[in-house]
1. Please give the length that would be gained between Ala297 and Ala223 if that part of the chain were fully extended, namely 0.36 nm times their separation in residues minus their C-alpha to C-alpha distance (nm, one decimal).
2. Considering amide H positions built from the backbone, and no H for Pro or chain starts, which residues 5 or more places from Phe553, or on another chain, come under 5 Å of its amide H?
3. How large a share of the accessible area of the stretch 222-303, in percent, is made up of carbon and sulfur atoms when the probe is 1.4 Å and the other protein chains stay in place?
4. Once the other residues with Cβ under 10 Å from the Cβ of Asn551 are scored (Lys, Arg +1; Asp, Glu -1), what is the net sum?
5. Principal axis extents for the stretch 574-617, Cα atoms only, whole Å, descending order, please.
6. Taking 7 Å along the Cα-to-C-beta vector as the label spot, tell me the Phe241-Lys118 distance in nanometres, rounded to one decimal.
7. Which whole-Hz ³J(HN,Hα) couplings does the stretch 113-119 yield from phi under the Karplus relation 6.51 cos²θ - 1.76 cosθ + 1.60, θ = phi - 60°, glycine and proline marked x?
8. Any chance you could look up the accessible area of Asp230 with a 1.4 Å probe, heavy atoms only, rounded to 10 Å²?
Amino acid sequence: MAPGISYDESGSLASYFGVTFLAIILIPWTLSSTKSEKKKLLKPLCPCPQCTSSPRRVHSIKSTKRKRKFLKKTIPLVIGWTIFAYLCYSLSQAPRLEGETIYNPFEILGLSDSTNEKQIKKHYKKLSLQYHPDKIKLAENQTKEDAEQKFVELTKAYKSLTDEVTRENLAKYGNPDGPQQREDKIAIPQWVVEGKNSIWVLGAYGLVLGGGIPWAVGRWWFAQRKLTRDGILNPTAELFFHQLRDDTDFFSLISLLASALEFGAVLGFKKRGSKKARKERQSKIDELEKVIEARKAEIGLEENALMRRENRINVTTAVAKRARALLWAHLLRIDLNDHQLESEKLAVLRVTPPLLSALLNISLAHNWLTTSLLVIKLQPALVQALPTDLSPLAQLPDVTPEQGQELQIINKAEGLRWLEKWIKTEKKSVSEQAVNVAKYWPRLEIIDAEFKVGDETLVTPSSIVELTYKARYVYPTTPLSLLSKPKSLLPNGQLKEEVADSVADVEDSVTQVAEEKEKPAVDDIKEKIVEKVEEVTKEIGEKKALEVPPNGFAHAPYWPQLRKPHFYVLLGDSKLDKVIVPPVKITDIPLPKPDGSPTEPKEFTLQFQAPPQANLYSFVAHWRSDTFLGSDVQVPIMLKVEDIPQEEEIEDDDDDDISEPEEDTLAGQMAMMRGGKVKPSAVHGTPDDDDDSEEEYESSSDEETPAKNKRVRAYNEDSDTDSD
């Protein structure tokens, strides 16, 4: 051991370290575990009783899971605080170390800090007579050395108050004897290293460092390698990658989703138990599959005949069959009448979101447009418990799929505004609750979609393009006069200019232009500046006021969680069935005002790289909901990619001409000797300058192409001047 360093024999420093370390961990952990969740709860988008009671329903579903989490948090906390209390108790009972207390001579002599020197001397004389080793009477269990030590302490304290040298040492070094040798103690008790338990201690160190840490790191590493970026198992991702096809239909997509290995953790434990119990569970699934097939026939659901037979997906394992049956029972709204099956169905639904996200990413990796849109559409189908081919009217309360199909046919509730068409008709066959929900059913409205390339006016090849659009929600009861009117668009989203209807309109526009050309007065300029400042201030205030509050949760009574609506935005080419720009998700779209009138739209952007070749491209912009069926919006939009204009090339040619020296200069003579190009003299010119200028003048007057005229005038500017 180095001089000035020693082990802490009492072990109090190690206890101090343990208390500090545990306090840093336990206090924040306890606060985070015990504090009430004060999150901003989402409000329902519709006032129906099912939506208002959804938070309580979701809370009851998660109650068992929360109890398990509470136990997992509570047990370690109790153990940690127990160790913390034990260390605090041991510190209170441990003796104080040297240097922990400040040397106070008044306290040793038994005097107050305000005692003067005369009183100190008088008091010291009394103590010296009392504690002098030659005059003191030793008490029981007291030795002569103890008495001498006591007298030395009293004398040192007395000198600290009366002797100037000793007093100076106390003031400078905190000790009347002057500077002391510093001794640092290691916060490890001496018995840990030098005692009889050294073998056990070293064995524990070796077990932790050589076994515990590698085991923890290895477990974390292999757990991470099991999962993909989407949070699913690698075997599941491999299965999805090999079986997903460009012609996969809805039936095969459900079978592929049910084949995920994640369902084994939810349903695989059912393999345990007696043979009789397993047979009973299997018989329930067999009966459920028969009910599902009969229900499909009633509704008229059939597989897509265009899908190749070899691409159809069949489930093979018992867990996959069980998961598929539960998914179809949810989609067809079949009452299971079994608590165990109901709990399993909810557990299966909670597993599906990351699986659907992985399916979408795999489809996007192949740029399959139809398959990607189908995977996106499966999400609202599971949320609303309704197959994609059925009428979206069945999303309303108390409306069955059969009734929804009938209402759609009778009321011709089709297209983008299917709900507006239905809500205008008589609704005697549905409940009042369904009508109230329909009134507050949000529909996405897209306004002013256009392409932009920064401050440029043209979209050039491989440039970074932004699809800028404005979006807002409207209700079916919103008047048509308040909705945005469709505008005829040119390529890149530019508006088509309106043509004057009469000669009077042309005269008015000419008069307006002439008035604008007149020189304005100073007062008018000041007024315009003030108006401009007010406009800018108003725009800034409107932008601040346009801060959109977060959207609430949607009407989804069959989904086991609160569902906040989002929209996928992507660009696709329907002719090639290719995804041009991968989707991004948007949310918090402005909702209508309480009176139903629409609010100001919110602007969104979708950034991507333009195609590398100049052409006119025809795309379709898709807005696909992940919560509502029948709320999808698609807008055909053209992207015109143009090459860089030729004027820039002309300017480059002019720069090259300027760089050539004139023939009269020294540089020009040297260039002519080397055989290089030179510019003709501006003074002497060439013999054919006049003829060339006349010919070029005549040819320029005959040309009709503006680009050629500009090129000729730029090249012969000096010649024209000379000829004049």
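1. My answer for the length gained is 22.2 nm.
2. Those lying under 5 Å, H to H, from Phe553 are Lys43, Leu45.
3. Carbon and sulfur together cover 51 percent of it.
4. So the environment of Asn551 carries a net charge of +1.
5. The Cα atoms of the stretch 574-617 stretch 49, 20, 19 Å along the principal axes, largest first.
6. The answer from the label model is 9.9 nm.
7. Listing the rounded values in order: 5, 8, 6, 7, 5, 5, 5 Hz.
8. Rounded to the nearest 10, that gives 50 Å².
The values are calculated or read from the model by the stated rules, or taken from the named source; none is laboratory data. It should be emphasised that the depicted structure is a prediction, and the values quoted were computed from it without experimental measurement. FYI the Cβ positions are ideal-geometry reconstructions off the backbone, even for glycines, and counts take in every protein chain you see. Only protein heavy atoms, including side chains, enter the accessible area calculation; ligands, DNA and RNA are left aside. Shrake-Rupley method; radii C 1.70, N 1.55, O 1.52, S 1.80 Å.
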